Amino acid sequence: MKRAVVLMNMGGPNNLNEVKVFLKNMFNDKYIIGAPQPIRAMIGSLIVFKRLEIAKQNYKELGGMSPIVGHTKRLVRRLNKQLDADVFYEMRYTPPFASDIMPKLKNYDEIYAIPMYPHYSSTTTKSSIEDFIKVAKKYNIDKKIKTIDSYYDNPLYNKVIVERIKEALNGEDSNDFELVFSAHGLTQRTINKGDLYQKHILANVECAKKELEDQNISFKKIHVAYQSRLGPMEWLRPYMEDKLKEIKSKVIIYPISFTVDNSETQGELVLEYGEVAHELGIKDYRVAKAPNHHPYFMDAIKGIYESMK
Ligand SMILES: C=CC1=C(C)c2cc3[nH]c(cc4nc(cc5[nH]c(cc1n2)c(C)c5CCC(=O)O)C(CCC(=O)O)=C4C)c(C)c3C=C
Ligand SMILES: [Fe+2]
Ligand SMILES: [Fe+2]
């Protein structure tokens, strides 16, 4: 039995020329912009036009590329040594796309497609899975695919969250800190249509809090906030910029939407909100790492894969 595991994520520009590709593909996704064609294409082009230079500048500050691909490659390399399957990755908006890896997957009996999103959202999980299956159909291998919708309650995944928070504490007393779980935002409109994302984020926070309690780690206060708001619509609240104004002490930010570090963690949380925190007089502002290739996270993926068999 030949098995393949495919990690699915959003992607991110591998160089400055790919910023446009990334934004164009994202804003042409019907799960990101709900309007039918050709209105979607028009709205998409307008957003790309307005966003491109700002986004390029943000990626320039990260060395001209997103960290997402490097972290994903490293995770895949290590998982390949640990699983009884060959491990691949594919991205929704930047290469390698599903179509780039599908010829290789033809030779496998079972394909386990695991989203790098622990929480289900139509804008991420559904979009990735649907695209992957659509491309697989062209190769007549869609029936070999097994998928999973969410795993925010996986115990090992929640243990990594606590490990990353402990790393950020660096041996200091957690009682001197406030902790903010920062989730990538979503429009309130998407939530109103029944998207499970916010429910899953809040349930994930409860699992992580339970793990903190079990390890006797307590904070002055624990918060949830949403980052990455874009455009004029109402997004999930509280917004990160408002939350930071409430912070009275040293603070640790945990990027809860993500399993690998990316431009939203290294750019937006570390650099942009780091500057906001500085201006607000927050003396100690720390961003915890995402799970990346932490051994517990690799064990979590292994367990998720085994449970899908
Ligand atoms: C309408 C816009 C967006 C929705 C809805 C959205 C949902 C969403 N996104 C992630 C994860 C990531 N998003 C990233 C970047 C990013 N996201 C948007 C817009 C929406 N996201 C934009 C325009 C960008 C590009 C950066 C920018 O211009 O600000 C990334 C980072 C990719 C990288 O380059 O490293 C991730 C990861 C989730 C989890 C989510 C909904 C649940
Ligand atoms: Fe996003
Ligand atoms: Fe952002």
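The values are calculated or read from the model by the stated rules, or taken from the named source; none is laboratory data. All values derive from a computational prediction rather than experimental measurement. No Cβ is skipped: glycine too gets one built from the backbone with ideal geometry, and neighbour counts run over all protein chains shown. Protein only, heavy atoms only, side chains kept; ligands, DNA and RNA dropped before computing areas. Shrake-Rupley method; radii C 1.70, N 1.55, O 1.52, S 1.80 Å.
Results, tabulated for the structure shown:
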| item | result |
| --- | --- |
| Members of the range 179-196 found to be away from ligand 2 (no atom under 16 Å from the Cβ) and either open to solvent by 10 Å² or more (accessible area, probe 1.4 Å) or modelled with pLDDT under 95 (or both), listed by number | Asn192, Lys193, Gly194, Leu196 |
| Scope the range 41-63; condition open to solvent by less than 70 Å² (accessible area, probe 1.4 Å), of a type in the set (Gly, Ala, Ser) and more than 18 Å from Asn262 (Cα to Cα); matching residues | Ala41, Gly44 |
| Residues of the range 238-261 satisfying the condition of being closer than 20 Å to Thr187 by Cβ and either within 16 Å of ligand 2 (Cβ to nearest atom) or touching a Gly at 6+ places or on another chain (Cβ under 9 Å) (or both) | Tyr239, Met240, Pro255, Ile256, Ser257, Phe258 |
| Hey, Leu230 open to solvent by 50 Å² or more (accessible area, probe 1.4 Å), within 16 Å of ligand 2 (Cβ to nearest atom) and in contact with a Gly (Cβ under 9 Å, 6 or more places away or on another chain) or not | yes |
| Matching residues, the range 75-113, being at pLDDT 95 or above and polar (S, T, N, Q) | Asn80, Gln82, Thr94, Ser99 |
| Answer residue from the range 72-103, given it is assigned to a strand (DSSP E or B) and open to solvent by less than 20 Å² (accessible area, probe 1.4 Å) and is farthest from Asn17 (Cα to Cα) among those | Val87 |
| Among the residues listed as Ile111, Ile68, Ile129, the single one being over 20 Å from the mean Cα position of the chain (by Cα) and either on the phi < 0 side of the Ramachandran plot or surrounded by 22 or more Cβ atoms within 10 Å (Cβ to Cβ) (or both) | Ile111 |
| Residues located in the range 1-51, provided they are in a strand (DSSP E or B) and within 14 Å of ligand 2 (Cβ to nearest atom) | Asn9 |
| Meets criteria (closer than 20 Å to Ala4 by Cβ and of a type in the set (S, T, N, Q)) for Asn58 | no |
| Those residues of the range 235-259 which are open to solvent by less than 60 Å² (accessible area, probe 1.4 Å) and assigned to a loop (DSSP other than H, G, I, E, B), in sequence order | Leu236, Pro238, Ile247, Ser249, Ile256, Ser257, Phe258, Thr259 |
| Selection count, the range 202-231, where residues are within 16 Å of ligand 3 (Cβ to nearest atom) and either more than 18 Å from the chain's Cα centre (by Cα) or not in a loop (DSSP other than H, G, I, E, B) (or both) | 4 |
| Conditions (1) more than 16 Å from ligand 3 (Cβ to nearest atom); (2) open to solvent by less than 40 Å² (accessible area, probe 1.4 Å); number of the one not met by Lys106 | (2) |
